[in-house]
Amino acid sequence: MNLPEFERVIYKRSPLVEVVCQLRFPPILKISHQEPVEFQDKIRAKYPLFETTRAQLPSEISHVVQQLGLPLQSDVAYNLKSEDQRWSLSLTKDFIALTTSSYERYEQFKQRLEEALEIFEDIYQPSSYTRIGLRYQDLIIRSKLGIENKDWSELIAKHIASELNEPNFSSSIQTIVKRLALKTEIGHINLNHGLVNVKEAQGGSNEIAYLFDADFYTEQKIEGNGNVWDVLNQFNQFAGRLFRWSITDTLHYSMQPQSVESVSA
């Protein structure tokens, strides 16, 4: 996959609403049968909030299980959150994940994940990682960018959503749902994007926004911490190039791009 090269920037008006990195590994039964006391103790300075949840089975499956008189079993998940709840670590018997709604730059996210993985690997010693995923969700809300008067055709690249450039009916489009599956040298990308209806918490009014939901993943067996970062670093580079390729210069500049060097780490 050959995406154009773009200068790396950090948006002052960032559209990112959530970033998630998940690493799956062969099941470690110790995690599901014993609370992660040691892990929590070493990480709780940054993640003091703790809760235990259980994954819900799909309704159609749980209905059949109940009819057969079998116990409803689901995996336990341990969730450790920062004080402001903008950062969250999730741990189950077969994956660890870091989620944030306060993403500023990759180096910051990587440092948090490195710290958590180092502690996790020291305690649980996973044999390998079977899936590595990095997911970015960007939500373009025109009112937040001061570009309410701009048509979507001026903001979203034509090769991404050509329908927005059709003069006969583009103004009538209320929603678009698109999925683009791509293959890269090291894995795959699922890009789901389109027009969505969002409700602002303050004003309570509805607004049409544009969502980019990009999931980068590989299911190749990865051994060793260093190899994990080789993959994630490339995913991060792909993410920046893919997003910039999907938008116009008008939208790019409305988000106030700043050079990486001008923004302190």
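What is the one condition in (1) farther than 21 Å from Lys221 by Cβ; (2) modelled with pLDDT under 95; (3) among the hydrophobic types (A, V, I, L, M, F, W, C) that Ile186 does not satisfy?
With (1) farther than 21 Å from Lys221 by Cβ; (2) modelled with pLDDT under 95; (3) among the hydrophobic types (A, V, I, L, M, F, W, C) applied to Ile186, the lone miss is (1).
Could you please find all residues in segment 140-154 being over 16 Å from Leu242 (Cβ atoms) and not charged (D, E, K, R)?
Selection gives Ile141, Ser143, Leu145, Gly146, Ile147, Asn149, Trp152, Ser153.
Failed condition for Gln108, given (1) touching a strand residue (DSSP E or B) at 6+ places or on another chain (Cβ under 8 Å); (2) in a helix (DSSP H, G or I); (3) closer than 16 Å to Asn236 by Cα, with all others met?
Condition not satisfied by Gln108: (1).
Please work out which residue is surrounded by the most Cβ atoms within 10 Å (Cβ to Cβ), limiting yourself to segment 87-105 and to residues that are within 12 Å of the chain's Cα centre (by Cα) and not β-branched (Val, Ile, Thr).
So, considering only residues that are within 12 Å of the chain's Cα centre (by Cα) and not β-branched (Val, Ile, Thr), the one surrounded by the most Cβ atoms within 10 Å (Cβ to Cβ) is Leu98.
The values are calculated or read from the model by the stated rules, or taken from the named source; none is laboratory data. None of these values were measured; they are calculated from a predicted model. FYI the Cβ positions are ideal-geometry reconstructions off the backbone, even for glycines, and counts take in every protein chain you see.
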